[in-house]
Structure formats: C-alpha cells, structure tokens
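A short worksheet on the structure shown next.
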Amino acid sequence: MLTKKLGLPIILLLAACVPSPRPTPSPLPSKPAKEAATPPSPFPTHTAIPAVRTDTAAPYPDAPLCATHNPTAYHTLWNSAEECHYDHEHGSMDFGQAAALLGVDLTTFTGGQQISYPWQTMHHDGCLENDCKHGGYKWTFKTTNEDPCIAAEVGPNGTDGYAVQFHGRGDAEDNLTRVHSSFIAVVVCNVQGQRGVLVTGGWQDYGQRVSTYQSGVVMALSDQPQPSFRALLSPYWSLDCYNDDGAQTDCGSRFIHSDVTAVSRPQAADLGHRVAQILIRSRDPYVWVNGSTRDDLNAQTFRWVCGVTGYNPVGCEGNNTTGTIHQVYGNVPSEWDSLDGVVDGLVTWQGYTDRWGNRVEGCSGSSLDCVPVYLRGVPVGGFSGTFDNEFPAFSQAALPERDIYFCGVVVCYEGGPGAVPSGWVSENN
C-alpha cells in the first residue's frame, strides 16, 4: 500500500489538550500589598478530547474520505490515524503549544470544544453556524509576531503571539455575511515590560462589504452600516471581482486567483466587539464577485475560481485553505482596572461579557451573551500587533497552504514541479 512506502512526515490530526488548566488568574507579584477582590469561581472544567495516534502514515492521492467526523474537534485535511482525508480543514493550531504560551487550556472556556463555541452565530434561515457552515472555522496560532510588544495601529500596547479561531468559509454567501463568531487568546505587552494574557470570545462585525480591497466601491447590500463610510476604512470585508461585462472595465485584469482581506477593527464606525478584533487575509477564496453586479441591491452574482458556474474541486487552488490571522487588535477598558481590587494599570480578572464584549453579571456558564473573558496581568488601554511584513502580504510564505499537494503519488509542496492540489476539499471549507 502506498502509505506504507512513502513514510513522509505530516501534520498531526489533533494535538492533545494539556491537563491541569488554570482558569483562575493569580495576582501578579508586582501588585501592591492590598487586599484584592476574590476572582469568581473557575469556569467549568471539561473532559479532554483524547489524543490521536501519533504515527506518520502519509497521504496518498486515492485515499478515502473519512467515514466519521467529530464536529467539535480540530483536524487538518489528513487523518493519519485512520489513513483517510476530510473534505475540509480547520486552519493551523497546536493546543499543547498554545497552552504553554498562554498558561491556560483554551478549551476550558469553550465547554471542552476545540471547534465552535456556545456563542456561535445563527444562519439567516435559523440554522446554527456549526451546523450550516462548520468548515468555515479556522485556527491561526503563532508563538510570537513581528516586532513583539510594539503597538501598531492601536496603542499604547503591542502583542506577542496569539491563538485565534475565526470564521470564514470563502464562498459567495459567507463573504456577504456581516457578522461571524470568534475566539481570541492573545499575549498583550508593551515596551515597559508589562505582559499579560487576554482570552475572550464573541462576535465580529466586519461592517461594509467592499470590492475590491480598499477601493471606492461599497457593495449594494441592505445590511450595510448606515451611514456609510469610505471603503478603504475598517471595519470591512473586501472581495476581489471579475470583469463580466466583456470590456474589462469593472475590476482590472488579474484573474489568476482571488483574494480576501477582512478587518473588524472599528476605525470609521463604532461597531463590533469592544475588547478584541482581528484582521484576516486569504489568497484562495472560492469566488470572485461579478463586477457588473456590485451595485445591484442584494443581487450580487459570483464566478467560481474553479469551475466558473459551479465548483470543481479537481486540481483546484481556490478552496479557502490559506485564510490566516495577520493582526489582533483591541482595547482593555480603563474601568476594568479596578476589577481586581487594585488600580495599577494591570487587570487580573475573569468573568463574562455579552457577544459584543460588554461586561455582564449573573452568568453561571457560557452562552450567547455569557461569553467567558479571562485576563491575567493585562495592561489597560488599546493594543495591536504590527503587520507581518517580512513577506509580501499575499505570498505563499505569508499565507501558507493547508491543502495537500501531490507530485505523482508523492506529497510535495505548492509550486513544485508537477504539483497538483489534492482535490479533496469541498465547497464547504
């Protein structure tokens, strides 16, 4: 069997959850000798998802689709334990490394789920996000980021590593959806040496849907923010478009692939989550919007990157397998400074917010408007990570490919001689 011959290393299906979570913040040594408020009881613990076999069975082109699937467990495209593939993937994450970086098991805050959460959004027809758009859940995990602890577009604080689960399926309907759920854990720090961990969840409002990136075209949708604002300002979700008028007057002439940039930071409008926001980039969404329909009220039409009028997975690179977080922003309200009983510019506290990050009382567990929030030594005020400018924004290095490529029957890399995408990814990734 080919899997026995290749023996190539691959990404593991699932990293084990780290035991002994620490959901209750500990007072920092630098706190003044003053009696502090007792933090609330730890959030409910959970039963850890068991580790998956750690062998190195390599992918092969005619591997079967996995017969079973856990809708709350993280996985990549390939399941080495079962020697099968899924038809979607959930980004890049290592729960063990994340726990070591952050000092807390993130699944403690999500009811034990690695995918989705109790505050998921609802589809327009009443179907929950994880039921209707499960494949859109993506993780990005980074142990650090460019220029750690240096503030960028929001200050005075910077960041130094994060684990973020965002939602974005990359198809026509999802690209026009204004609100998506999120789960954000970030190290917040500054040049003064103050350093803490913030964990929070909720909804992200991406405001205006525009086409193209930082252009002057705000798409004609009835749920756009009112009043409107300049299309190059956030929050926005930008889509590439395709000339379909025959004259190439709508969108330019670049039709090799499609890009997406989505920013939930409330720059031009006071929208969205109050505590943490994100910037997402992808170089391989499924569709372009047809340029001639950007001004048609709620009647935009789209062109598939692979298949034109319908999705064709064979050899397809436009399958939403590169979406990645590139910035985490936010603001720790100054009024939270006293929650730990000491006003010193640092917050050590855990509690709950509503879906938009407003602090709420009376919660006994996680739900839509009882979203856990955890802070351990976090400096108050605005924070943001610098852009990852080491590589061009939409390059393979900046947005690594998570699809599996084959050169014949051998796993190889995107762009390699004869490299072909797996063809395993469905239109629901």
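The values are calculated or read from the model by the stated rules, or taken from the named source; none is laboratory data. Quick caveat: nothing in here was measured; it's all calculated off a predicted structure. Note that we place each Cβ from the backbone using ideal geometry, even for glycine, and neighbour counts take in every protein chain shown.
Quick notes on this one:
- The single residue among P64, P59 that is surrounded by 21 or more Cβ atoms within 10 Å (Cβ to Cβ), more than 19 Å from V164 (Cα to Cα) and at pLDDT 95 or above turns out to be P59.
Residues checked against (1) under 21 Å from W139 (Cβ atoms); (2) among the charged types (D, E, K, R); (3) assigned to a loop (DSSP other than H, G, I, E, B); (4) at pLDDT below 95:
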residue	(1), (2), (3), (4)
S253	no, no, yes, yes
A268	no, no, yes, no
S292	no, no, no, yes
N298	no, no, yes, no
G330	yes, no, no, no
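- Subset of segment 194-225 that is small (G, A, S) and closer than 23 Å to V154 by Cα - its residue that is surrounded by the fewest Cβ atoms within 10 Å (Cβ to Cβ): S215
- In segment 137-193, the qualifying residues are those that are of a type in the set (D, E) and either without any contact (Cβ under 8 Å) to a residue 40 or more places away in the chain or assigned to a strand (DSSP E or B) (or both), and the one that is surrounded by the fewest Cβ atoms within 10 Å (Cβ to Cβ) is E173.
- Residue match in segment 364-371 (condition: farther than 21 Å from V188 by Cα and hydrophobic (A, V, I, L, M, F, W, C)): yes
- Within segment 351-369, if we keep just the residues that are out of contact with any helix residue (DSSP H, G or I) (no Cβ under 9 Å at 6 or more places or on another chain), touching a residue at least 24 places away in the same chain (Cβ under 8 Å) and part of a strand (DSSP E or B), the residue that is nearest to S234 (Cα to Cα) turns out to be T353.
- Pairs, first farther than 28 Å from V104 by Cα in segment 114-132, second part of a helix (DSSP H, G or I), C-beta under 8 Å, six or more apart: M122/E129; H123/E129; H123/D131; H123/C132; D125/C132
- So N320, is it assigned to a loop (DSSP other than H, G, I, E, B), under 15 Å from S211 (Cβ atoms) and in contact (Cβ under 8 Å) with a residue 12 or more places away in the chain: no
- For segment 91-136, the tally of residues that are assigned to a helix (DSSP H, G or I) and of a type in the set (F, W, Y) stands at 2.
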